[in-house]
Amino acid sequence: MHTVMWTFKVPAGTAKAQLVETINATAHTYEGIPGLIRKYYGIAPDGTSLVGIYLWDSKAAADAFYTADWVAMVTKRWAGPPQRQEWETPMVVESAERRLVAAE
């Protein structure tokens, strides 16, 4: 498995409610993407940035999704280009289900 976290700067003066509206309006576009296991959204306490944390079944699936067009689209939506961080993910703990998911 592979985890990617994108950090986005939020345009100055954007209310947290507007961020939540944008998240709610776009979340459905991430359903059914090949290789995407889960996506999390996070808003910084001060509202100046947000993150998208993506869990993929492989780095190849992540790299196939994050095209130059995708980066251009999110750069236009937010206040500049996002920052990408990534990690190999050997294990996920599904605590509520008392289940461990190991990378294959």
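Taken together, the values in this text are just the output of simple stated rules run on the coordinates, not laboratory data. The model shown is predicted, which means the values in this text are computed figures rather than measured ones. Neighbour counts run over all protein chains shown; Cβ positions are idealised from the backbone, glycine included.
Among the residues making up the stretch 57-95, those that are surrounded by 14 or more Cβ atoms within 10 Å (Cβ to Cβ) and charged (D, E, K, R) are D57, K59, D63, E86. Screening Y54 with (1) hydroxyl-bearing (S, T, Y); (2) farther than 13 Å from W6 by Cα; (3) in contact (Cβ under 8 Å) with a residue 40 or more places away in the chain gives one miss only, at (2).
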